[in-house]
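A.B. asks: Structure below; questions to follow.
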Amino acid sequence: MIATPHLVTLMQWLSPAYPVGGFSYSHGLEWAVEAGTITDAATFQEWLADILEYGTGRNDAILLAAAYRAVDAAYLTHVDAVARALAPSAERLLETTAQGAAFVRTTADIWAIDLPMLCYPVAVGRAAALIGVGLEQVLPLYLHGFAANLTGAAMRLVPLGQTEGQRVLAAMTPLCDLLSQEALGGDGLDDLGGCTVMADIAAMKHETQYTRLFRS
């Protein structure tokens, strides 16, 4: 299958080269490494899978889908407000709002589309709808990009070798596909929820961590 121009654009938006600053956030991972919770590829893979399945990954997919399907500006604003309310710490709020703002500025300028300031998954969902790329294509690529950013952080923090890191990332592909299908066929914002308590605590602890490489 030959990739459509819109799909190629989507891949550009979600690539590490796109200037949203994803590389500067660890999502609490930095504190988890310092605390000794994550020490190798196996413990990182378990942490990452839990965040995807029970935490931000799943919720971001639901928020993205809701933004993509938003029928008017009022509902889009509501989705964005819910996204902000779900952030369990100041740094996690910064993570989604700062990346969202950077995505909006670059995307609106280059593709000349009307994007208000939105949280990151909400902005991606809205932009994808505006260019006409399929939601079934957006969701797995977004989740893979999210997992890739955390894997890159783990390579520097644990540290993991590049091959180990890529092996962990490859293992997340089926889960990204599953979560995408659930978001496609789910009940929208009513499906939101999470139980990654340790990851949320890690994000809070990171705010007062003495030595930090990352912004979250």
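A.B. asks: At a probe size of 1.4 Å, how large is the accessible area of residue 15, to the nearest 10 Å²?
C.D. replies: For residue 15, the solvent-accessible surface is approximately 40 Å².
A.B. asks: So, one more: Ignoring ligands, DNA and RNA, what percent of the 1.4 Å accessible area of the chain is carbon and sulfur?
C.D. replies: Carbon and sulfur atoms account for 57 percent of the accessible area of the chain.
A.B. asks: Can you give me the distance in nm between label points at residue 173 and residue 39, each placed 7 Å from the Cα along the Cα-to-Cβ direction?
C.D. replies: A separation of 3.1 nm, rounded to one decimal place.
A.B. asks: Still on this structure, please answer the following. Specify whether the C-alpha gyration tensor of segment 44-101 places it in the rounded, prolate or oblate class, a ≥ b ≥ c being the square roots of the eigenvalues: rounded for a/c under 1.5, otherwise prolate if a/b is larger than b/c and oblate if not.
C.D. replies: Judged from the Cα gyration tensor, segment 44-101 comes out oblate (a/c at least 1.5, b/c at or above a/b).
A.B. asks: I need the calculated FRET efficiency for the pair residue 54 and residue 190, taking r as the beta carbon distance and R₀ as 22 Å, to the nearest 0.05.
C.D. replies: 0.85
A.B. asks: Quick one: Karplus J couplings for segment 17-27, per residue in order, coefficients 6.51, -1.76, 1.60, θ = phi - 60°, nearest Hz, x for Gly and Pro?
C.D. replies: With coefficients 6.51, -1.76 and 1.60, one gets 6, 6, x, 9, x, x, 5, 8, 10, 10, 6 Hz.
A.B. asks: May I pose another question? Could you give the accessible area per residue of the chain, probe 1.4 Å, as a whole number in Å²?
C.D. replies: On a per-residue basis, the chain sits at 47 Å².
A.B. asks: Right, another one. Which order do the peptides 150-163, 70-83, 50-63 come out in when sorted by mean C-beta neighbours inside 10 angstrom, highest first?
C.D. replies: 50-63, 150-163, 70-83
A.B. asks: Each label point is 7 Å from the Cα along the Cα-to-Cβ direction; what then is the distance between the points at residue 17 and residue 69, in nm?
C.D. replies: In this crude spin-label approximation the distance works out to 3.4 nm.
A.B. asks: Placing unit charges on C-beta atoms (Lys and Arg positive, Asp and Glu negative, everything else neutral), compute the dipole magnitude of the chain about its Cα centre in debye, rounded to 20.
C.D. replies: Roughly 520 debye for the chain.
A.B. asks: Something else now. Per-residue accessible area for residue 110 at 1.4 Å probe radius, Å² rounded to 10?
C.D. replies: 100 Å²
A.B. asks: Mind giving me the nanometre distance, one decimal, between the label points for residue 135 and residue 181, set 7 Å out from Cα along Cα→Cβ?
C.D. replies: About 1.7 nm, to one decimal.
A.B. asks: May I pose another question? For the chain, compute Rh as the Kirkwood radius over C-alpha pairs and then the Stokes-Einstein diffusion coefficient at 25 °C and 0.890 mPa s; write the answer in µm²/s, rounded to an integer.
C.D. replies: D = 142 µm²/s.
A.B. asks: Still on this structure, please answer the following. Work out from phi, with θ = phi - 60° and the Karplus expression 6.51 cos²θ - 1.76 cosθ + 1.60, the ³J(HN,Hα) of each residue of segment 59-76, listed in order in whole Hz, and give x for Gly and Pro.
C.D. replies: 5, 4, 4, 5, 5, 4, 4, 5, 5, 4, 8, 4, 8, 7, 5, 5, 5, 4
A.B. asks: When a/c is below 1.5 the answer is rounded, else prolate if a/b is larger than b/c, else oblate, so apply that to segment 120-216 with a ≥ b ≥ c taken from the square roots of the Cα gyration tensor eigenvalues.
C.D. replies: In terms of gyration-tensor shape, prolate.
A.B. asks: With all protein chains present and a 1.4 Å probe, how do 195, 176 order by accessible area, largest first?
C.D. replies: 195, 176
A.B. asks: According to the square roots a ≥ b ≥ c of the eigenvalues of the Cα gyration tensor, what is the shape class of segment 46-172, taking rounded for a/c under 1.5, prolate for a/b larger than b/c otherwise, and oblate for the remainder?
C.D. replies: It is prolate, given that a/c is not under 1.5 and a/b is the larger ratio.
A.B. asks: Would you calculate a helix-derived [θ] at 222 nm for the chain, using -39,500 (n - 2.57) for each DSSP H run of n ≥ 4 and dividing by the full residue count, to the nearest 500?
C.D. replies: -21500 deg cm²/dmol
A.B. asks: On C-alpha positions alone, give me the angle between the axis of helix 90-111 and the longest principal axis of the chain, in degrees, nearest 10.
C.D. replies: So the inclination is approximately 40 degrees.
A.B. asks: Pop out the ³J(HN,Hα) list for segment 163-173 in order, Karplus 6.51 cos²θ - 1.76 cosθ + 1.60 with θ = phi - 60°, rounded to Hz; leave Gly and Pro as x.
C.D. replies: 5, 4, x, 5, 5, 4, 4, 4, 5, 7, 4
The values are calculated or read from the model by the stated rules, or taken from the named source; none is laboratory data. Only a predicted model underlies this, so the values are computations on that prediction, with no experimental measurement involved. Counting neighbours? That spans all protein chains shown, and the Cβs are built from the backbone with ideal geometry, glycine included. Note: accessible area is taken over every heavy atom of the protein model, side chains too, but ligands, DNA and RNA are not part of it. Shrake-Rupley method; radii C 1.70, N 1.55, O 1.52, S 1.80 Å.
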